[in-house]
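Please treat every number below as a calculation from the coordinates, not as lab data. Small disclaimer: the values here were computed from a predicted structure and weren't measured. Here Cβ is always computed from backbone atoms with ideal geometry, including for glycine, and neighbour counts include all displayed protein chains.
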Amino acid sequence: MLDTLPEDFDSVLLVMAHPDDPEYGSAAAVARWLAEGKRVGYVLASRGEAGIAGLPPADSARIREAEQRAACAAIGVEHLVFLDEPDGSIMYTRELRTAIAEEIRRFRPEVVMVLNFHETFGGRHPNSADHRHVGLAALDAVSDAGNEWIVPGERYQGVKYILEFAGEPTHVVDVDGHVDAAVTSLMAHERYLQALSDAPVEEQARAQIERATAVEGFDTPHIAVRLYG
Ligand SMILES: [Zn+2]
């Protein structure tokens, strides 16, 4: 049985690769944290412009940015930043680490939350290069933010924990009562979900959030995270 995540923090910054990455499960915890009065912000490395088959990147970027803003509004996240990384071709670079470190210094979170950045997404499913590169860069950027000789500027060393959603979990967050908010937030990615499947958007969103909040050994909705720090 996984331990319950300590909740001795008041602010969380999610750093992920694409629009919709926060909504695929983490948002259930975000809804709970917002309800408790914690500050939550999102930094997304790209606008997901390569994410919709048949829709050219310029059009897709515009639609997906708007859908991300709607997903944030649905759940009550006001701080949303897009870095200008190329969807599908994000590399682990010094520039990416620096950009994330600067966002950490600006938001001053006690927790940084990333998406699984390992080779697989559980089982045999390969994880995307963007997820691997952005997650690892964010892990390293937490240290960078604390050192003005690596990233010029004022040190920020206030990050207590780094959380990685899914992957090989060590802890759980109880999200009972926050599943509907997470479903509503994911449903905002309407055009994206319509391109993925013919199933109605709400049905797709609910199935995904139910999968993401089903943790072995727990009868009520939880999300599983790996805790660093
Ligand atoms: Zn993604």
Whole-Hz couplings from phi, Karplus 6.51/-1.76/1.60, listed for the stretch 11-28; x for Gly and Pro: 8, 9, 10, 8, 10, 9, 7, 10, x, 5, 4, x, 7, 7, x, 4, 4, 5
MRE, 222 nm, helices only [DSSP H, n ≥ 4, -39500 (n - 2.57), over the chain, to nearest 500]: -12000 deg cm²/dmol
³J(HN,Hα), Karplus 6.51/-1.76/1.60, whole Hz, each residue of the stretch 169-179, x for Gly, Pro: x, 10, 9, 10, 10, 6, 10, 4, x, 10, 5
Distant-in-sequence amide H partners of H79 (H built 1.01 Å from N, under 5 Å): Y42
The stretch 100-227: Cα Rg divided by the 2.2 N^0.38 Å rule of thumb: 1.22
Long-range amide H partners of R39 with built H, under 5 Å: S11, V12
At R0 = 25 Å, FRET efficiency that the Cβ-Cβ distance of T93 and T170 yields, to 0.05: 0.30
Highest-fluctuation residue, A182, A58, A129 considered, GNM on the chain with Cα pairs under 10 Å: A58
Under-5 Å amide H pairs with N127, H placed in peptide plane, nonlocal only: T120, F121
log₁₀ of I(q)/I(0) at q = 0.10, 0.15 Å⁻¹ - the chain, Debye sum with one point per alpha carbon: -0.41, -0.98
Extension reserve of the A66-R155 stretch, reckoned as 0.36 nm per residue once the Cα distance is removed: 28.7 nm
Max mean-square fluctuation residue, GNM over the chain, Cα-Cα springs under 10 Å, options E78, E103, E49: E78
Residue of E203, E67, E110 that the Gaussian network model of the chain assigns the largest fluctuation, springs spanning Cα pairs under 10 Å: E203
Using θ = phi - 60° and Karplus 6.51 cos²θ - 1.76 cosθ + 1.60, couplings along the stretch 183-188 (whole Hz; Gly, Pro as x): 5, 4, 5, 5, 4, 5
Kirkwood-based Rg to Rh ratio, the stretch 101-160, C-alpha trace: 1.08
Chain lengthening between D198 and D8 when straightened (0.36 nm per residue, less Cα-Cα): 64.2 nm
